[in-house]
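Have a look at the structure below before the remarks.
Taken together, the values in this text are just the output of simple stated rules run on the coordinates, not laboratory data. For clarity, every value in this text was computed on a predicted model and none was experimentally measured. Every residue, glycine among them, receives a Cβ derived from its backbone with ideal geometry; neighbour counts consider all protein chains shown.
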Amino acid sequence: MAQLISHVNTSYGNYKKVRSAHLYKWFNEFIKFNMDDLIEALRDGSCSSLTGDQVEPDGWDSNDMPSILLAAGIM
């Protein structure tokens, strides 16, 4: 499964490819998730998006951010 990749402007127009699952390292508005969160999302049928909104496991939130399962490359 492919992980989602984002392009982050590091400084002065330089861009770096960053896995969407690691955006929390660059921006405060993104959540950090772990394996327990992924397992719970698979069991529940509902999970968080990268910004913390509740979405379908294969869904995107109103800010166009993917679910944590999509970001991790599971869905």
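Non-local amide H neighbours of GLY52 (under 5 Å, H modeled in plane, Pro and chain starts lacking H): which ones?
For GLY52, the qualifying residues are ILE31.
With θ taken as phi - 60° and the coefficients 6.51, -1.76 and 1.60, list the Karplus ³J(HN,Hα) couplings across region 64-75 in order, rounded to whole Hz; mark glycine and proline as x.
Karplus-based 3J(HN,Hα) across region 64-75 equals 6, 9, x, 5, 5, 5, 5, 5, 7, x, 7, 9 Hz.
Under a plain spin-label model, where a point goes 7 Å from the Cα along Cα-to-Cβ, how far apart in nm are TYR12 and LEU42?
Using points 7 Å along Cα→Cβ, the separation is 4.5 nm.
For the pair PHE27/GLU56, report the inter-label distance in nm, with labels modelled 7 Å from Cα in the Cβ direction.
2.4
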